[in-house]
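Engineer: Next up is a structure, given as structure tokens.
The values are calculated or read from the model by the stated rules, or taken from the named source; none is laboratory data. What you see is a predicted model; the values in this text were computed from it and never measured. Heads up, the Cβs are rebuilt from the backbone with ideal geometry, glycines too, and the neighbour counts pull from every protein chain shown. All accessible areas refer to the heavy atoms of the entire protein, side chains included, with ligands and DNA or RNA removed. Shrake-Rupley method; radii C 1.70, N 1.55, O 1.52, S 1.80 Å.
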Amino acid sequence: MGIKISNDSFFERVDKGIKNDFMRQAVSSAQDRLEGRKSAITEEMGDWEDWRELSEEIRQHTLENLDYYLNQFAENVAKQGGHVHFAETPEEANEYITNVAKQKNAKKILKAKSMVSEEIGMNEALEKAGCEVIESDLGEWILQLDDHDPPSHIVVPALHKNKEQIRETFHVKRGYEDTAEPERLAKFAREQLRTEFMQADIGITGCNFAVAESGAISLVTNEGNARLATTIPKTTIAVMGMERIVPTWEELDVLVTMLCRSAVGQKLTSYITGLTPSPGGEGDGPEDFHVVIIDNGRSKILGTKYQSALQCIRCAACINVCPVYRHVGGHSYGSIYPGPIGAVLTPLLEGYDDHKELPYASSLCAACTDACPVKIPLHELLIEHRKDIVEKEKLGTFTEKVMMQGFGYGTSHPSFFKMGGKQVPFLMNIVAEGKDGGGIGPGPIKLWTEIRNLPNSKGDTFRKWFKKRKGGARDGNRDDQRER
Amino acid sequence: MKVSLFITCIGDVVYSSRVGRSVVEVLERAGCEVVFPEKQTCCGQPAFNSGYHKEAKKAAKHFIRTFEHAEAVVAPSGSCAGMVKEYPHLLVDEPSWHDRARKLADKTYEFTQFLVDVLNITDIGAYFPKRVTYHTSCHMTRIMKVTEPPVKLLENVEGITFDTLPYKEQCCGFGGTFSVKMLAISEQMVDDKVKHIVDTKAEVLVGSDLGCLMNIGGRLERLGIDVEVMHIAEVLNQRQETGESVGN
């Protein structure tokens, strides 16, 4: 699939999102549920701020020593008989993965949830190589059945669908005849997927965090599908973004705690798996174990002002509190990474060409920054993007540029600023009183008044009032109204 | 205490003197001397948030020059006061300016924060026998970290009925240029806010940020919903003797 999920323009996608009542109902109730559970469960942690600071520190330390920990991890995997492949591009990663599949003569590949596998378009590459790829995460499986509908959330990929829509997909694609009761839907999916698990030749997973000190990968799931995918097939391939690593189990403990609580409001998810290779079938792990570490633009972010974006542990807490996401849904972002983190990350990974609106799709309310368990200053990074868009990329509109230059001049020249100020009430009243015959006026005011009225600004500006008052009219300003 | 008032652009011209005079009168009742530095312009936030940092720096430096000798700077808007707190970061590459910015940021306050945290006043002797709800603005809460002061002040207003706004932490959809650049999204956000306000059955929506109030108030009016919108200073300036402030 790749990062980009739509060829529609940003505003077309937003329009579609806003008009999709089913999706909006599903998204707002999911946000309320997830956020409610999160706040309840973070309270019992004591000082949540201390935990956030510790987590931020762990992530920053790891990123600053990323090469060291990745090498340590790779060495430790190799020592245990596993294989690590560093892939700079999606093509390199897919080539390695399809080669493993060919060597194993694999027909059926069972996948656990992995955002980075979506990012590199792995399924398509494997299918091209003649393999059948089956998503085993329930949400991902629903989307796969529904003609590869893209994910709209990084933790709950089918968040935009309600149970009736899921029932319909099951009915059309798999002949399901039962009700839309979640338990029945889940039971059906379980039966269908169980058969697939037993026949799979290779299991592919993502990786929540690699543990450098022991060459292990960890997987955090609720459905148990990742554990099946790594135990039934003899071969396991884990794909991971290069930043998803911790030094030791001790840091993993902290981050998994933060991840589960922030993502789904659980103390721990049902399954937390630590996996190392077990060649010869001696231990519990897979006999043939491959880890593909993917760069795909990440190393270019290291050392820049955007580095903190790589602290992300993909919990989606920012998405779950975002008021913009609430109304437009995940697909409006046009990226597999939606919401505030998506608006920051997508242009970094793919450039501004297709994604230059994303940094503006935020009121900068900073709910995301407050929610982030590893303290990524998300709204500040959005402002940095805007700065790069206008200063480096020169993608700001001409009108905006002229207005802002005027602003810069006006705000540093008080008499000019005052003059501008005097014009505002005049202009506003023309629009407010409808003398323009419905919306002539400077751009922003015209747009503003499409959906809102302007306040009544009749009377003196404050500075005029204050001056008069000092002149003796301390509370005699009732004449203001008449004066204009 | 001598207070230098930063009235903000919206407070100066958009609401005419309606809000500003209440701010002045309440501060004076609290025993302050209010001065208004005539040379003040804008805090620079519109440029800063839009990525025009060169222009924002110009505004910031002018602001620093205008206000740096003040004893305390007070603004009737959490967002604009929050922008001043941003100056040290904006001017980080210019050491002398950075230092001046830091000193200024330390003595810049949002209006209710100043009353409660600096002057230790939670009851200003206001009387307002109406049912109100309060809009918690984002920058005041998340950037200024001011949450308690406005609520404390409102709770101590005689005769008032105060209802907490459902989803109070959710943005109203203003966001400066966001309100016009992303009009369709902003509309959905403000409509949600309006719905929650109507749910409280409040007669008056009170807030501490003029941008938010302009947005919510403008939408309420457009939809023909009869809820009055007031800045918190206007409520605090209502007294029993007259029943209304001199400004109304």
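Engineer: Would you please calculate the Kirkwood hydrodynamic radius of region B:2-118 over all C-alpha pairs and express it in Å, rounded to one decimal?
Structural biologist: Values: mean 1/r = 0.0703 Å⁻¹.
Hydrodynamic radius (Kirkwood, Cα only) of region B:2-118 equals 14.2 Å.
Engineer: Follow-up question, since we're still on this one. Hey, any idea what % of the protein assembly as shown's accessible area is carbon plus sulfur with a 1.4 Å probe? Kindly include the intermediate steps, with their values, before the conclusion.
Structural biologist: Working: 14550 of 29290 Å².
Answer for the protein assembly as shown: carbon and sulfur cover 50 percent of the accessible area.
Engineer: So what's the back-of-envelope 222 nm ellipticity for chain A, counting only DSSP H runs of four-plus at -39500 (n - 2.57) apiece and dividing by all residues, rounded to 500? If you can, show how the numbers build up before the last one.
Structural biologist: Working: 23 runs with 249 residues, N = 484.
My calculation for chain A gives -15500 deg cm²/dmol from helical runs alone.
Engineer: Can you give the extra length, in nm with one decimal, that the chain gains between A:Ala40 and A:Trp249 once fully stretched, where that is 0.36 nm per residue apart less the Cα-Cα distance? Walk me through the intermediate numbers first.
Structural biologist: Working: separation 209, 0.36 × 209 = 75.24 nm, distance 2.63 nm.
72.6 nm is the gain from fully extending A:Ala40 to A:Trp249.
Engineer: Largest first, how would A:Arg190, A:Arg37 line up by accessible area (1.4 Å probe)? Don't jump to the answer; show the numbers that get you there.
Structural biologist: On the way: A:Arg190 160, A:Arg37 105 Å².
Result, largest first: A:Arg190, A:Arg37.
Engineer: What angle do you read, to the nearest 10 degrees and between 0 and 90, between the alpha-carbon axis of helix A:48-64 and the longest principal axis of chain A?
Structural biologist: Orientation of helix A:48-64: about 70 degrees from the principal axis.
Engineer: Nearest 10 degrees, 0 to 90: what angle lies between the long axis of helix A:21-43 and the longest principal axis of chain A (Cα atoms)?
Structural biologist: Once rounded, one gets 80 degrees.
Engineer: For B:37-47, what's the mean count of beta carbons from other chains sitting within 10 Å of each residue's beta carbon? Before the final figure, lay out each step's value.
Structural biologist: On the way: counts 1, 6, 5, 5, 11, 7, 1, 4, 1, 5, 7.
That works out to 5 on average.
Engineer: If I take all pairs of Cα atoms in region A:10-301, what percentage of them are more than 27 Å from each other?
Structural biologist: On the way: 18739 of 42486 pairs.
Percentage above 27 Å: 44.
Engineer: Please list, in chain and number order, the residues 5+ apart from A:Gly121 or on another chain whose amide H is under 5 Å from its amide H, with Hs placed from the backbone.
Structural biologist: Under 5 Å from the amide H of A:Gly121 lie the amide H atoms of A:Gly2, each far enough along the sequence or on another chain.
Engineer: While we're on this one: Magnitude of the Cβ-charge dipole of region B:131-236, K/R +1 and D/E -1, about the Cα centre, nearest 20 debye?
Structural biologist: Values: 11 positive and 15 negative charges, 74 e Å.
The calculation lands at about 360 debye.
Engineer: Just report the Cα centroid separation between region A:30-65 and region B:91-142, whole Å.
Structural biologist: 27 Å
Engineer: I'd like the antiparallel share, as a percent to the nearest 5, of DSSP beta bridges with both residues in chain A. Present the calculation step by step, with values, prior to reporting the outcome.
Structural biologist: Details: 9 of 34 bridges.
That works out to approximately 25 percent antiparallel.
Engineer: Report the Cys residues of chain A lacking a disulfide-compatible partner, meaning no second Cys Cβ under 4.7 Å from their Cβ.
Structural biologist: Singleton cysteines: A:Cys131, A:Cys207, A:Cys260, A:Cys312, A:Cys315, A:Cys322, A:Cys372.
Engineer: Over the heavy atoms of B:Asp199, what accessible area does a 1.4 Å probe trace out, to the nearest 10 Å²?
Structural biologist: Solvent-accessible area, nearest 10 Å²: 90 Å².
Engineer: I'd like to check one number: the per residue accessible area of the protein assembly as shown, probe 1.4 Å, reported in Å² as a whole number. Walk me through the numbers before you get to the answer.
Structural biologist: On the way: 29290 Å² over 732 residues.
Counting only protein heavy atoms, the per-residue value for the protein assembly as shown is 40 Å².
Engineer: Another question, if that's okay. So, by mean Cβ neighbours within 10 angstrom, what's the order for B:127-135, A:88-96 with the highest one leading?
Structural biologist: Working: B:127-135: 20.1, A:88-96: 17.9.
Listed from highest to lowest mean packing, they are B:127-135, A:88-96.
Engineer: Here's something else I'd like to know. Report the charge-dipole magnitude of chain A in Debye, nearest 20, computed about the Cα centre from +1 at each Lys and Arg Cβ and -1 at each Asp and Glu Cβ. The partial results should precede the final answer.
Structural biologist: Numbers: 60 positive and 71 negative charges, 544 e Å.
Here the size comes out at about 2620 debye.
Engineer: Continuing with the same structure: Whose amide H sits under 5 Å from the amide H of A:Phe86, counting only residues 5 or more places off or on another chain, with H placed in the peptide plane?
Structural biologist: A:Ile293
Engineer: OK, next. Can you work out the FRET efficiency for the pair A:His83 and A:Thr397, with r the C-beta to C-beta distance and R0 = 51 Å, to the nearest 0.05?
Structural biologist: On the way: r = 51 Å, r/R0 = 0.99.
The formula returns an efficiency of 0.50 here.
Engineer: What net charge do the residues around A:Ile319 carry, taking every other residue with its C-beta under 14 Å from that of A:Ile319, with Lys and Arg at +1 and Asp and Glu at -1?
Structural biologist: Details: positive: A:Arg33, A:Lys38, A:Arg314, A:Arg326; negative: A:Asp32, A:Glu35, A:Asp370.
Surrounding charge for A:Ile319 is +1.
Engineer: Could you work out the mean count of beta carbons from other protein chains within 10 Å of each residue's beta carbon in A:140-151?
Structural biologist: Numbers: counts 0, 0, 0, 0, 0, 0, 0, 0, 0, 0, 0, 0.
Mean number of neighbouring Cβ atoms from other chains: 0.
Engineer: Would you list B:Lys85, A:Lys267 from the most to the least accessible area, probe 1.4 Å? All intermediate terms of the calculation are to be shown ahead of the outcome.
Structural biologist: Details: B:Lys85 75, A:Lys267 115 Å².
The ranking, largest first, comes out as A:Lys267, B:Lys85.
Engineer: Quick one: accessible surface of A:Phe11, probe radius 1.4 Å, all protein chains present, in square angstrom to the nearest 10.
Structural biologist: 110 Å²
Engineer: Based on the Cβ-Cβ distance of A:Phe416 and A:Glu450, what FRET efficiency does E = 1/(1 + (r/R0)^6) give at R0 = 30 Å, to the nearest 0.05?
Structural biologist: That gives a FRET efficiency of 0.55.
Engineer: For chain A, find the longest principal axis of its Cα atoms and tell me its angle to the long axis of helix A:66-79, 0 to 90°, nearest 10.
Structural biologist: Orientation of helix A:66-79: about 10 degrees from the principal axis.
Engineer: Would you calculate a helix-derived [θ] at 222 nm for chain B, using -39,500 (n - 2.57) for each DSSP H run of n ≥ 4 and dividing by the full residue count, to the nearest 500? Mind showing how you got there, number by number?
Structural biologist: Working: 10 runs with 106 residues, N = 248.
Helix contribution divided over all residues of chain B: -13000 deg cm²/dmol.
Engineer: Whose amide H sits under 5 Å from the amide H of A:Lys107, counting only residues 5 or more places off or on another chain, with H placed in the peptide plane?
Structural biologist: Those lying under 5 Å, H to H, from A:Lys107 are A:Asp201.
Engineer: Let me ask you something else. Let's test the formula: R0 of 60 Å, r as the Cβ-Cβ distance of A:Lys102 and B:Leu183. What FRET efficiency results, to the nearest 0.05? Can you show the working numbers first?
Structural biologist: Working: r = 52 Å, r/R0 = 0.87.
For R0 = 60 Å, the calculated efficiency reads 0.70.
Engineer: Separation of region B:161-199 and region A:125-196 by C-alpha centroid, Å?
Structural biologist: 35 Å
Engineer: Which lysines, if any, have their Cα less than 16 Å from the Cα of B:Lys195, not counting same-chain residues under 8 positions apart?
Structural biologist: Within the straight-line cut-off, B:Lys195 pairs with B:Lys168.
Engineer: Which values, in whole Å and largest first, are the semi-axes of the equivalent ellipsoid of the protein assembly as shown obtained as the square root of 5 times each eigenvalue of the Cα gyration tensor?
Structural biologist: 53, 26, 23
Engineer: Can you compute the modelled spin-label distance between A:His148 and B:Lys103, with each label point 7 Å from Cα toward Cβ, in nm?
Structural biologist: 6.3 nm
Engineer: Can you flag which of A:Lys234/A:Lys375; A:Lys305/B:Lys181; A:Lys305/B:Lys39 are past 28 Å Cα-Cα? Please report the intermediate quantities before stating the final value.
Structural biologist: On the way: A:Lys234/A:Lys375 39 Å; A:Lys305/B:Lys181 26 Å; A:Lys305/B:Lys39 35 Å.
Over 28 Å Cα-Cα: A:Lys234/A:Lys375; A:Lys305/B:Lys39.
Engineer: Can I ask one more? Please give the length that would be gained between A:Arg184 and A:Asp47 if that part of the chain were fully extended, namely 0.36 nm times their separation in residues minus their C-alpha to C-alpha distance (nm, one decimal). Don't skip to the end; give the middle numbers.
Structural biologist: Numbers: separation 137, 0.36 × 137 = 49.32 nm, distance 4.03 nm.
Stretched fully, the A:Arg184-A:Asp47 segment lengthens by 45.3 nm.
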